[in-house]
Amino acid sequence: MIKVKNLNYIYQEGMPDQRQALFDISLDFDDGKIYAIIGHTGSGKSTLIEHFNGLVRPTSGKIYIDNSDITDKKTKFSDIRKSVGLVFQYPEYQLFEETVYLDIAFGPKNLGLSKEEIDTRVRYAARLLDIDERLFQKSPFELSGGQKRRVAIAGVLAMRPSVLILDEPTAGLDPRGREKILKIIKNLHTENPKMIIIFVSHSMEDVAKTADEVIVLNKGRICMSGCVDEVFKHSETLQSIGLDIPEISKLMHELSVLGVPVNPDIYTIDGAYDNIKKILLETNN
Amino acid sequence: MFKDIIIGQYINADSVLHRLDPKIKIILTVLYVVVLFIIRGSVSYVLFALMTLCLVLMSNIKPKVFIKGLKPLVFIIIFTAVMNLLLTPGTVMVRFWIFKITYEGIRSAVIMFTRLVLLVTGTSLLTLTTSPLKLTDAIETLLSPLSHIKVPAHEIAMMMSIAIRFIPTLADETDKIQKAQTSRGADFQSGNIITRARAMIPLLVPLFISAFRRADELATAMDSRCYNATIKRTKLNTSRIGKADISYALVFICTNIIIIMFGYII
Ligand SMILES: Nc1ncnc2c1ncn2[C@@H]1O[C@H](COP(=O)(O)OP(=O)(O)OP(=O)(O)O)[C@@H](O)[C@H]1O
Ligand SMILES: [Mg+2]
């Protein structure tokens, strides 16, 4: 469980160009759920998640992970990083080892694990991310963009964190690559039912498909948070802070404005399909 | 660590030095360095240091910035001074263990220390008060007579401005990769020199790859806009040397001549 209490963060504090990136953030993340953080560019999403594994220390406020205070000066960062895995935006640019295998093994090796344990973990992470073992001896630089990204995510997952945070994991991928990453997130959730998964996204479609709960940030403050159904009902608010709602939501809204008796709060294609089919069948009868 | 390097950093402000023509500024900086190494005698040094202090005050930049710029070089400066102190032969003043400190040693250590500090301060005055763009422009103009003897003035200036342009980008990139590898358990701080050097590999490999990628992309972008170094270009902003620039240069040169003279008279 992660608990964030009255978190404030200021970049370059005390300098003339100081700038507050987060304002009084309080949040709870429960075990076993998938959370999405959305917000316009510059709203503080990356800054917020960098707090969760101690890369950034809050200017004020507290963060508890499983009841231990990670903002405490005495907390060892190596312990935090063991339990919180953070995948950065465009993680494929951090690959550096000679082979895919060694790159995935970098994290576990830093944890000081035995050779056998490292091997099991590498294979485990590779399987979850659908990386063929035949790629293990290849150089990571010979892979395609989507494959590189999956190797980079595997590198974090091999540390077996209990919290996995991904910053825009689907950015810059083609539709098939996006689908694949989202499916992997879903699988990860089924295989580790207690893991907290937090991902940052710009795409409402991705959020609608994958997340249980959504946190909407605007200019460093929490604008809304709650389960996906709840948040997507406030489409005006979302659009007013520069976020796009799923295309299918827009369609359902338009239809209901035109007088078609559809449910305007539907945001998935499957839901819309069922809803429209039902209405069509009713009118035909 | 990159954030502390002020060489090549420009601070936007308004002052006599900011307004001075960049070509004149470069020439006067060269002159400053030459004079620094030919002056003799403590009176000259004191006067020269006073002149530098005046320049710093005239620049409208906080003295704190200059002190921050000296920090990365503290080790080299102290090391040079200590070497001079211990290794100069002459009249022995103090003796301890295998070392002996001589009168000449103290003298040359003080001189070395003063010279290096003044050297760094004087040259950072140039970069702090001149935007990189103006600086490279001025270098190009100053080098252009040499293009008759096949010195590629324009190319040199272009390379310099590209290099300067990419310093903040690379600093940002370093910061990002460092954070990412730290989250994978990499440790950049502890251990002896060898383990620390090895720990830099996960940082340096991605950094180089990204630098090469950026270089490639930039080259392609320049190519696709038909960039050609041999074409004669006119400038958008030409800076002309005015009366104020000339009078400033004259005052500076006279002050320096007087300072040099002091060394030989007294
Ligand atoms: N290193 C830094 N120094 C100063 N200000 C920064 C720094 N990094 C981010 N900021 C500022 O903090 C604010 C939040 O930035 P952040 O990177 O968290 O946004 P984001 O929501 O992740 O945006 P994006 O969607 O573009 O990734 C921005 O206004 C940004 O300008
Ligand atoms: Mg971001």
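Computed from backbone phi with θ = phi - 60° and the Karplus coefficients 6.51, -1.76 and 1.60, the 3J(HN,Hα) list for segment A:51-63 is 6, 6, 10, x, 5, 10, 9, x, 5, 8, x, 10, 10 Hz; x is used for glycine and proline. Measure out, as a whole number of angstrom, how far apart the alpha-carbon centroids of segment B:54-108 and segment A:67-103 sit. That distance is 43 Å. At q = 0.12, 0.13 Å⁻¹, what base-10 log of I(q)/I(0) does the Debye formula yield for segment A:45-148 when every alpha carbon is treated as an equal point scatterer in vacuo? Evaluating at q = 0.12, 0.13 Å⁻¹ gives log10 I(q)/I(0) of -0.51, -0.59.
Computed over the Cα atoms, what is the radius of gyration of the protein assembly as shown divided by 2.2 N^0.38 Å, N being its residue count? Walk me through the intermediate numbers first.
On the way: Rg = 30.9 Å, N = 551, 2.2 N^0.38 = 24.2 Å.
So the Cα radius of gyration is 1.28 times the expected 2.2 N^0.38 Å.
Pulled fully out, how much extra length does the chain show between B:ASP223 and B:GLU104, if you take 0.36 nm times their separation in residues and subtract their Cα-Cα distance? Show your work: numbers first, answer last.
Values: separation 119, 0.36 × 119 = 42.84 nm, distance 5.92 nm.
Stretched out fully, the B:ASP223 to B:GLU104 stretch lengthens by 36.9 nm.
Here chain B has an Rg and Dmax of 22.9, 69 Å, counting Cα atoms alone.
Kindly identify segment A:196-285 as rounded, prolate or oblate by the Cα gyration tensor criterion: order the square roots of the eigenvalues as a ≥ b ≥ c, call it rounded if a/c is under 1.5, otherwise compare a/b with b/c, prolate if a/b is larger, else oblate. Mind dumping the intermediate values first?
Working: a/c = 2.99, a/b = 1.93, b/c = 1.55.
Note, shape of segment A:196-285 comes out prolate.
Fewest to most neighbouring Cβ within 10 Å: what's the order for A:TYR11, B:TYR264? Let's see the in-between values first.
Values: A:TYR11 14, B:TYR264 10.
The most exposed by this proxy come first: B:TYR264, A:TYR11.
In terms of its alpha-carbon gyration tensor, chain A comes out oblate; a/c meets the 1.5 threshold, while b/c is at least as large as a/b.
If you sort the three axes of the alpha carbon gyration tensor as a ≥ b ≥ c, you get a/c of 1.5 or more for segment A:246-285 and a/b no higher than b/c, which makes it oblate.
Across segment A:146-152, computed HN-Hα scalar couplings (Karplus, 6.51 cos²θ - 1.76 cosθ + 1.60, θ = phi - 60°) run x, 5, 4, 4, 5, 4, 5 Hz from first to last residue, x flagging Gly and Pro. What FRET efficiency would be calculated for the residue pair B:MET261, B:MET58, taking the C-beta separation as r and a Förster radius of 25 Å, to the nearest 0.05? The computed FRET efficiency comes out at 0.60. Once backbone amide H atoms are built at 1.01 Å from N, A:ILE198 has A:TYR35, A:LEU164, A:ILE165, A:LEU166 as its partners under 5 Å, excluding neighbours fewer than 5 places away on the same chain.
Extension gain, A:SER60-A:SER240: 0.36 nm per intervening residue step, less the Cα-Cα distance, totals 61.9 nm. Site pair A:GLN20 and B:ASP14 shows an inter-label distance of 3.1 nm when each label is modelled 7 Å from Cα along Cα→Cβ.
Highest GNM mean-square fluctuation among B:LEU146, B:LEU31, B:LEU70, for chain B modelled with Cα contacts below 10 Å: B:LEU146.
Computed over chain A with a Gaussian network model linking Cα atoms closer than 10 Å, the most mobile of A:LEU164, A:LEU251, A:LEU48 is A:LEU251. Here the ratio of the Cα radius of gyration of segment B:153-223 to 2.2 N^0.38 Å is 1.38.
For the pair B:VAL43 and B:MET93, what calculated FRET efficiency results from E = 1/(1 + (r/R0)^6), where r is the Cβ-Cβ distance and R0 = 25 Å, to the nearest 0.05? Can you show the working numbers first?
Numbers: r = 23 Å, r/R0 = 0.92.
Efficiency for this residue pair is about 0.65.
For the options A:PRO175, A:PRO161, A:PRO58, a Gaussian network treatment of chain A with springs between C-alpha atoms closer than 10 Å singles out A:PRO175 as fluctuating the most.
For the protein assembly as shown, what does -39500 (n - 2.57) per DSSP helix run (n ≥ 4), summed and divided by total residues, give at 222 nm, in deg cm²/dmol to the nearest 500?
Details: 22 runs with 299 residues, N = 551.
Computed ellipticity for the protein assembly as shown at 222 nm equals -17500 deg cm²/dmol.
Cβ-to-Cβ counts within 10 Å put B:SER59, A:SER46, A:SER256 in ascending order as A:SER256, A:SER46, B:SER59, the fewest first. Here the calculated FRET efficiency for A:VAL260 and A:ASN8, from their Cβ-Cβ distance with R0 = 35 Å, stands at 0.15, rounded to the nearest 0.05. Applying a length cut-off of 27 Å (Cα extent along the axis) and a mean Kyte-Doolittle floor of 1.6 to the DSSP H helices of chain B leaves B:243-265. Taking the C-alpha atoms only, the angle from helix A:100-110 to the longest principal axis of chain A is near 70 degrees. The magnitude of the dipole of the protein assembly as shown, with charges of +1 and -1 set on the Cβ of Lys/Arg and Asp/Glu and taken from the Cα centre, is near 2520 debye. Taking amide H positions as modeled 1.01 Å from N, with prolines and chain starts lacking one, the residues under 5 Å from A:LEU22 and 5 or more places away or on another chain are A:TYR9. This ranking places A:HIS253, A:HIS51 by how few other beta-carbon atoms lie within 10 Å of each, fewest first, which gives A:HIS253, A:HIS51. Available extension along the chain between B:ARG214 and B:LEU70 is 48.8 nm, counting 0.36 nm per residue and deducting the alpha carbon span.
All of the numbers you see were taken from the coordinates with simple rules; none came from a lab. These figures come from a predicted structure and were not determined experimentally. Because the Cβ atoms are built from the backbone with ideal geometry, glycine has one as well, and the counts that use them run over all protein chains shown.
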